[in-house]
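J.: Just dropping this structure here.
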Amino acid sequence: MSRRSALYFLEPRRTEIREEDLPEPGPGQVQMETIVSAISPGSELLVYTGAAPQNMSADRNIASLGGDLDFPLKYGYSSVGRVSRLGPGMDSSWLGERVFSFQPHQSASVADLEHVLPVPDELSSMHATLYPLVETAVTLVWDARPLLGEDAAIVGQGPVGLVTAALLAGFPLGCLRALEGRQPRRDLSLAMSAEACLPPEEASSLHPDGEGFDLVLELSGDPRGLDSAIALTRFAGRIVVGSWYGRKRANLDLGGRFHRERLQLISSQVSTLPPDLASRMDRRRRTEITWRHLARLDLERLVTLRIPFSRAHEAYQALDGDPESHVLAVLDYTK
């Protein structure tokens, strides 16, 4: 039986690369040798720091993430590799193909063909590993449903916030503005799409006319961001909550404006499609839309750290300890 190297989260802020058996590909399956995998600084840092709810399933919609979030576990869902072996009866044309798959950080994986996406030739492997970012942003925009002339704001300009802003910039909005506490991310926000990006302490100055926003997306990952989003929203406005706070509690002020001004809180999560759109905008169409927008957006600028897989612990330490300097990290399996 073949072997692979896999990254395990052992306890808060401690990882280890372990050798383990690699299962043989069965009927309808392929084996992939990993080229690169991206680290999500949102959900993965919750797992890394022990802030994820450990009795919660890792992701019931991703076959490779079985079990719950209790330590020890493997995690990750942004892997690009090359098909090296085929299960019985598989079409030989798949051999050598670059593919994306929602796999944890490991040197090789076996997956059902239905969970493997061919990577377009024009995309680099590093660019393609950012597929989940764009898929998440597409789902957020579908849940937000921006209207012609609406004023929109985004709280948080991490990777998901930046990509969501880039997509929203293509709509004929009244204005598109953002809040972000870190200066390098504010600079990226302005370079990529937002008309203005201010630190949270200047939130009262965010709207150009001092009015509230019709649409606010809370993507900061910080429960305090939700209070900021509520404060930014005008009468009968919508707040789309895309953040996952893990075990961090949101202490919200719902006793004043929220009640009297008929504000709407909308939950958005990429694992499921908006129910009223699912029959039309199914997963096949979302996949096509995601690849198209991933190809047109210059997202490699978001990768501030590229580290060999053998030193994966350094990437997590950097994202956790120096978020001012780093936006996204990619693990390289070719070095």
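The values are calculated or read from the model by the stated rules, or taken from the named source; none is laboratory data. What you see is a predicted model; the values in this text were computed from it and never measured. Positions of Cβ are backbone-derived with ideal geometry, glycine not excepted, and every protein chain shown enters the neighbour counts.
J.: Anything in the range 23-45 that is part of a loop (DSSP other than H, G, I, E, B) and under 19 Å from F9 (Cα atoms)? List them, or say none.
T.: S40, P41, G42
J.: How many residues does the range 65-90 hold that are within 18 Å of P25 (Cα to Cα), at pLDDT 95 or above and not aliphatic (A, V, I, L, M)?
T.: 7
J.: May I pose another question? Given L273, L299, L277, which one is surrounded by 13 or more Cβ atoms within 10 Å (Cβ to Cβ), within 30 Å of K335 (Cα to Cα) and within 22 Å of the chain's Cα centre (by Cα)?
T.: The conditions single out L299.
J.: Just the residues that are over 20 Å from A166 (Cβ atoms) and out of contact with any strand residue (DSSP E or B) (no Cβ under 8 Å at 6 or more places or on another chain), please, taken from the range 180-201.
T.: Answer for the range 180-201, where residues must be over 20 Å from A166 (Cβ atoms) and out of contact with any strand residue (DSSP E or B) (no Cβ under 8 Å at 6 or more places or on another chain): just E201.
J.: Which fully enclosed strands (runs of 3 or more DSSP E) of the range 156-228 have 1 or more residues being in contact with a helix residue (DSSP H, G or I) (Cβ under 8 Å, 6 or more places away or on another chain) and under 20 Å from Q264 (Cβ atoms)?
T.: 175-179, 213-218
J.: Determine whether E211 is under 19 Å from R238 (Cα atoms) and either of a type in the set (A, V, I, L, M) or surrounded by fewer than 16 Cβ atoms within 10 Å (Cβ to Cβ) (or both).
T.: Here the answer is yes, as E211 does meet what is asked.
J.: Checking the condition part of a loop (DSSP other than H, G, I, E, B) and either buried (at least 16 other Cβ atoms within 10 Å of the Cβ) or touching a helix residue (DSSP H, G or I) at 6+ places or on another chain (Cβ under 9 Å) (or both), which residue from G76, G89, G81, G96 passes?
T.: Of the residues listed, the single one that is part of a loop (DSSP other than H, G, I, E, B) and either buried (at least 16 other Cβ atoms within 10 Å of the Cβ) or touching a helix residue (DSSP H, G or I) at 6+ places or on another chain (Cβ under 9 Å) (or both) is G76.
J.: Taking the range 295-320, which residues are in a helix (DSSP H, G or I) and basic (K, R)?
T.: Across the range 295-320, the qualifying residues are R296, R301, R311.
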